[in-house]
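Participant: First the structure, then my questions, so here it is.
Quick note: the coordinates plus some simple rules give every number you see, no bench work behind them. Predicted, not measured: the structure shown is a model, and the values here were computed from it. In this analysis, Cβ positions are derived from the backbone assuming ideal geometry, glycine residues included, and neighbour counts consider all displayed protein chains.
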Amino acid sequence: MNWSPRDLTPFNTFGLRSTAEGYAALYKVQQLTDWAPKSAPDLVLGGGSNLLMMSQIPGKTLHVLIKGVDVLKEEGPRTYVRVGAGVNWHQFVLYALENHWYGLENLALIPGTVGAAPVQNIGAYGLEVCERITHVHAYEYGHGMVTLAANDCQFAYRDSLFKREPNRFLITAVDFELGTDYPVRTHYGAIQNKLAENGVDDPAPPDIARAVIEIRNQKLPDWSLLGNSGSFFKNPIVPAAQARALSNQDPDMPSYPLEDGRVKLAAGWLIDQCGFKGLRRGAVGCYKNQALVIVNHGSATGEEVLAFSQEVQRAVQTKFGMELEREVRLVG
Ligand code: EPU
């Protein structure tokens, strides 16, 4: 591997000005097995869509650009495909739709790469990616190539083994089980409303994809026009009693009961209630249509975004007594 300094501004969807001390691109698994690192580089970069990058990234930054989509087998309505970690997630969702490999349509338009999808177990509109993953292929530092079955990946809400042990594996490819027989997922209100608006009453997977794309385009800023990393914080999960106490104060508060009896609250709503929606401090602010998305109006640094996000956390703590946890990963 050849490591050289590199401007990372084009490689993070937040558009934060950032420089890597040492950068190298990874196109092939063989580069990795030839190099055979015993420990993780300082930063493994995919689509750079869930990162809060500080101005200087010390040490080694490895950019995963492994491409390729291969059909492994077809079995009745199901198709099993292996996808390179560096493939753009949304391009893959569109390609899968074209091929009638259905089952990922609720996850259309999520930024980032295929290799990053299992790390935080991306989810949207009632579907989590772990439901369609069969295996994850990875390089285990100090060990070599390994294949993990989905059951061994400890998938949970925005969480996985890869997130819990960030310095253990580098994901090189992901296997998916897709097919024409998955029932469409329409239980999210936003999807139902959009399908009704589009005049669709018996939706097929392409209708769901279209609905999701339209919803996301309305609510979430296009990072190529306005830098952002999607939801900046996680939705807090609280005991039922705490959720009840809060909704007694404000019956309009959105809340989603979970199977384990706890309740998921909407961080965006909490932040909105603190008056931050559309609020701007210099180059940083909360998006006008979704307070949970922090945006870069032009030339912000990671340090400025961090300071702004801490102001948001303090406001929510003061008003609701709740600590918001970052969803984006801070690097540098
Ligand atoms: N809300 C407000 N004001 C706001 C923002 C939201 O009142 O400024 C309310 C909404 O009206 C709604 C509720 O809060 O009642 C939840 O908002 P929304 O439906 O937009 O979803 P979310 O919980 O903010 C989550 C994911 C998104 C995912 C959507 C759709 C997390 C942290 N975020 O957002 O994921 O696209 O649901 O499933 O779980 C991401 O992870 O980067 C991401 C964008």
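Participant: How large is Rg/Rh for the chain, to two decimals, with Cα atoms and a Kirkwood Rh?
Facilitator: 0.96
Participant: I've got another one for you. Using a Förster distance of 45 Å, how high is the FRET efficiency between L306 and E75, based on the Cβ-Cβ distance and rounded to 0.05?
Facilitator: E between L306 and E75, to the nearest 0.05, is 0.40.
Participant: Select from Q273, Q91, Q30 the residue whose mean-square fluctuation is largest in a Gaussian network model of the chain (Cα-Cα springs shorter than 10 Å).
Facilitator: Ranking Q273, Q91, Q30 by mean-square fluctuation puts Q30 first.
Participant: Express as a percent, rounded to the nearest 5, the fraction of DSSP beta bridges in the range 1-145 (both residues included) that run antiparallel.
Facilitator: 60 percent
Participant: Per DSSP H run of at least 4 residues, take -39500 (n - 2.57); add these up for the chain, divide by its residues and hand me the 222 nm value, nearest 500 deg cm²/dmol.
Facilitator: When only DSSP H runs of four or more count, the value is -7000 deg cm²/dmol.
Participant: Within the chain, how many lysine pairs that are 8 or more places apart, or on different chains, have C-alpha atoms less than 15 Å apart?
Facilitator: The number of close lysine pairs in the chain is 8.
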